[in-house]
Amino acid sequence: MKSPASASWKAPLKFRMPTAENLIPIRLDIEVDGQRYKDAFTWNPYDPDSELVMFAKRTVKDLKLAPGFLPQIVQSIQSQLATFQSYEGQDMYVGDKIVPIKLDLRVNHTVIRDQFLWDLNNFDSDPEEFARTLCKDLGIEDPEVGPAIALAIREQLYEIAIQNVTSARENRINKKGRRAAEHFPISKASGAALDLMKLFSFRSSVVRKRKEWDNYKPILDLLSNEDVDALEAKEERSGR
Amino acid sequence: MAEKSPVKEAASSESVPISNSVQLKPSPQFSAKFTTPTPPNSDVPSTPTNRPPPVDADVIHVPSYSRWFSWDKIDSCESRFLPEFFDGRSPSKGPSLYMYYRNSIIKLFRENPSRKITFTDARRNLVGDVGSIRRVFDFLDHWGLINYSASSALSKPSKDTASNIKSSDSPSLESPSTAAPTPKQSSTSRRFCGACKSLCTIACFVCDKYDSTLCARCYVRGNFRVGLSNADFRRVEISDEANADWSEKETLLLLEATMHYGDDWKKVAQHVGGRTEKDCVAHFVKLPFGEEYLGHPLLDDAESGFETNKRVRLTPLSDASNPIMAQAAFLSALAGVEIAEAAAQAAVNILSKVDDTTASRGDNGSLERNSRQEISSNGDTNQNASERAYADANSQLNKEEEDIGRAITEITEVQMKEIQDKILRFEEMDLLVEKERQQLESMKNLLFIDQLNLSFRRN
């Protein structure tokens, strides 16, 4: 599904995650009988449904959750899958869009903040590979950070892809002409997309300005236990 | 966009018992250097790196049928079982990704080998979609590369040392025969479902594209690999096969049982499980090694005495009060004739090589006798090996004899040469002495002439 980079208007593509693997992020937050289960992971929507049930069973067994979790987990995952599938048949426009992806995560004791640019047109992109490399480069020893990063990236990409779909739908509804539709992907960008032309024009250089360096640097923090507890308490309070 | 750690499952008031090792991190970490995320109260992890492990956690048990495993290589059975990584369908899901999953899961398990890791632990720590991680995890679990602790692995009762050794090897007989033939679709062994690992009894469904077998239940539930559909499977009836074939596992159980119980076929049938006494007896009678020892057609009515004969012959050295030889005989009987022959031949070769360096004929002879004994206990088809060895020893003996003969002749030659030299010298001396005598005689003659002259002149 590689499209030539020169054309700014491309034929509408079928909705999919703009990554090499069409995996979707799933987030679970279930409370049964006072037990709260929060989790997030990546799921392959083409796995058969039996896979889903097996996964739920194993999770409940491994984490020794109450059996009441099982149907809820299955249901939650299925509904998220259904949402994805409902978008799947539709078209989306992807212009020349380079979006900034922001990471601001706390995983156990590690806090990571980062910002980088991601090419939406690159359908060979791999958030998992990126997350693995990032963790390795930063020397993050907690193995749970990697999946969290990959998931955060996927979620943001998913959101942007959904926005593309809705924008494509609006285009069709408006029934604007072809030429007008050209400008839409660019101008109707969610505001976070950057204009390639402006950025990489011959007048400005490709090298980032110095004052922006700090924005695009990954920041890694290790928290002590007390900080972790304090943050958790705060989040729970805000969540309620 | 502050996100709470997606892994946290802390409940409000009730604590969820979480087996996740990451939750137990009591020690505060102020420095930037992170210690590895294993709980400090666990055993010292016996990682393959150079951390000094305690003595008991030093050894990681891996079943012998998983011997192919190596950190850097991908074996063919892995690509067979997990084709999604190897068929190039998706560009990022390649062998390197598979190796990353596999090695991470195994490392995670080996950090604390006394504890079984759950799939949830594994998938939490790996970047990727949980479906593929689950498949890799299941594969490793099935092949015993993770969560394999000695207590849970051996499902057969192991009663004495011989069968202990055998039973640690027995998974090697049964598991490859179940795991390997199911992809290879051999017609003899029992069919095990590729998905739920249960025995296929009535009918099974075979997919030719990926060489996988599913039991009826899995097929109906759609519990097959991603990418297959119902149409790819064809139905294979095995209701008749199940009872007819004896799997290797059952044969092994039968042999063990016969060793323990001898004639008590009721106990043997119990031990084998799933076969009636008559079946056990009939199958035992049909076992191949029996004929080698007997050499005459098997009779059904002479069973009991016959079976004791067979039992004795099964362990021909069992009364040699040498448990090692008994085990060797038992092993070789069960391993098969060709394997035993090859093993014995190799052993003899190496032993003879070792003895060449010591270069002692007596040792050779006795060794040859021992090895001949060992070989002959394994049946007539090993005759060639013993004959060959015998011929080798003979030729070596002959060679030594020749050497000695040659040495003796040389010695005699040297001595004769010495004598000849002496004779020569004596002859020379003789000549010299003869010459002196002649000179003396001539002088005597001269003297006599002088005397005559003198006396003549006086007168």
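Read the figures in this text as sums done on the coordinates, not as results from a lab. Predicted model only: the values in this text are computed from it and were never measured. No Cβ is skipped: glycine too gets one built from the backbone with ideal geometry, and neighbour counts run over all protein chains shown.
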Sticking with the crude label model, points 7 Å out along Cα→Cβ, report the distance from A:E141 to B:D356 in nm, one decimal please.
5.5 nm
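Determine, for A:V207, B:V433, B:V272, A:V111, the number of other Cβ atoms within 10 Å of each Cβ, and report the residues in order from fewest to most.
Details: A:V207 6, B:V433 10, B:V272 26, A:V111 20.
Fewest to most other Cβ atoms nearby, the residues stand as A:V207, B:V433, A:V111, B:V272.
Partner chain Cβ atoms within 10 Å, averaged over the residues of A:56-64 - can you pull that number for me?
For peptide A:56-64, the averaged partner shielding equals 5.
B:I324 to B:K116: extension gain in nm, 0.36 nm per residue of separation minus the Cα-Cα distance? The partial results should precede the final answer.
Values: separation 208, 0.36 × 208 = 74.88 nm, distance 3.53 nm.
That works out to 71.3 nm of additional length.
Taking a threshold of 24 Å on the Cα-Cα distance, which of the pairs A:K61/A:K102; A:K97/A:K217; A:K57/A:K102; B:K73/B:K93; A:K97/A:K136; A:K64/A:K102 fall above it?
On the way: A:K61/A:K102 35 Å; A:K97/A:K217 21 Å; A:K57/A:K102 34 Å; B:K73/B:K93 17 Å; A:K97/A:K136 28 Å; A:K64/A:K102 34 Å.
Result: A:K61/A:K102; A:K57/A:K102; A:K97/A:K136; A:K64/A:K102 exceed 24 Å.
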B:I408 paired with A:R208, simple spin-label distance in nm, labels 7 Å along Cα-to-beta-carbon
9.7 nm
Apply the Karplus curve 6.51 cos²θ - 1.76 cosθ + 1.60, θ = phi - 60°, to the phi angles in the range B:260-265 and return the couplings in whole Hz, x for Gly and Pro.
6, 9, x, 8, 7, 5
Linear extension gain, B:S79 paired with B:D450, 0.36 nm per residue minus alpha-carbon span:
120.8 nm
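Listing B:F81, A:F116 from the residue with the fewest other Cβ atoms within 10 Å to the one with the most, what is the order?
Numbers: B:F81 22, A:F116 16.
Exposure proxy ranking, most exposed first: A:F116, B:F81.
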Label points 7 Å out from Cα along the Cβ direction at B:N103 and A:E170: separation in nm?
4.8 nm
Where does each of B:E441, A:E236 land when they are ranked from fewest to most other beta-carbon atoms within 10 angstrom?
B:E441, A:E236
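For an R0 of 41 angstrom, estimate the FRET efficiency from the Cβ-Cβ distance between B:R388 and B:S64 and round to the nearest 0.05. Display every interim value, and only then the final one.
Details: r = 31 Å, r/R0 = 0.75.
Computed FRET efficiency for B:R388 and B:S64: 0.85.
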